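The values are calculated or read from the model by the stated rules, or taken from the named source; none is laboratory data. Computed from a predicted model, the values in this text were never measured in an experiment. All Cβ positions, even for glycine, are placed from backbone atoms using ideal geometry, and neighbour counts span all protein chains on display. The protein model used for the area step is the full one, side chains on, heavy atoms only, and it has no ligands, DNA or RNA in it. Shrake-Rupley method; radii C 1.70, N 1.55, O 1.52, S 1.80 Å.
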Amino acid sequence: MTEAEGTAITTEQFLEFLKKLPWCKQGTNVLVAVDKATPEIIDMFKDHELKVFPTAMTIKMNKSMLKEFQEKYAEGMPLPVVVVWKTDGVYIWYRRHKSSEFPYDGWTNSEAAAYERERVFVPADEFGADYAASHADSVAKSKECPTIIPPH
């Protein structure tokens, strides 16, 4: 899968994809899902805000990292991501260092929890009129997250 293949999906299509994820909820309106970096998720990495944590420095998505996500998916070993769906938008978290162990190692090991993480943000206003209703519906259907998952 390369940029030239025209695999772009719309945010409306991504919203349909979000509805199918295995959500759990934190509080009254935050949804969390651990998933793999599929083409739908990888496509959202392009042209959206990317921040590196813990510093919250805004950077541009590195083409080599995007290529790594694509190659790992093509090899049948997609990298894990944490998708957080809030009223203001969708946050997609991943980690470059020991990325295949993310996020579970960070939930149980303080050393791994300190590794830099990156987060892509897709604002709610890009999703169209169905965003709020879709989010509310998914919140209503979701069970509480296990306590091992840190608050988002």
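Need one number: the % of Cα-Cα pairs in segment 15-92 sitting beyond the 16 Å mark.
56 percent
Kindly identify segment 76-152 as rounded, prolate or oblate by the Cα gyration tensor criterion: order the square roots of the eigenvalues as a ≥ b ≥ c, call it rounded if a/c is under 1.5, otherwise compare a/b with b/c, prolate if a/b is larger, else oblate.
Because a/c hits 1.5 or more and a/b exceeds b/c, segment 76-152 counts as prolate.
Given the C-alpha centroids of segment 48-83 and segment 93-150, what is the distance between them in whole angstrom?
13 Å
What are the extents of the Cα atoms of the chain along their three principal axes, in Å, largest first?
Over the chain, Cα extents along the principal axes are 40, 38, 30 Å.
Between V120, T55, L15, whose Cα lies farthest towards the positive end of the dipole of the chain when Lys and Arg beta carbons carry +1 and Asp and Glu beta carbons carry -1, centred on the Cα centre?
It is T55.
In whole percent, and with a 1.4 Å probe on the protein chains, what portion of the accessible area of segment 9-152 is carbon and sulfur?
About 54 percent, which is the carbon plus sulfur part of the accessible surface.
Computed FRET efficiency, Cβ-Cβ of A140 and K60, R0 41 Å: what is it to the nearest 0.05?
After rounding to 0.05, the efficiency reads 0.65.
For segment 48-117, what ratio Rg/Rh do Cα atoms give with a Kirkwood hydrodynamic radius?
The Rg/Rh ratio comes out at 0.96.
Could you tell me the accessible area of M44 in Å² (1.4 Å probe, neighbours in place), rounded to the nearest ten?
Accessible area, nearest 10 Å²: 10 Å².
List the pairs from K25/K141; K19/K72; K46/K98; K36/K72 whose alpha-carbon separation is above 20 Å, in the order I gave them.
Too far apart for the 20 Å limit: K19/K72; K46/K98.
Hey, what's the chain come to in accessible area per residue, 1.4 Å probe, Å²?
Ligands and nucleic acids excluded, the result is 54 Å² per residue.
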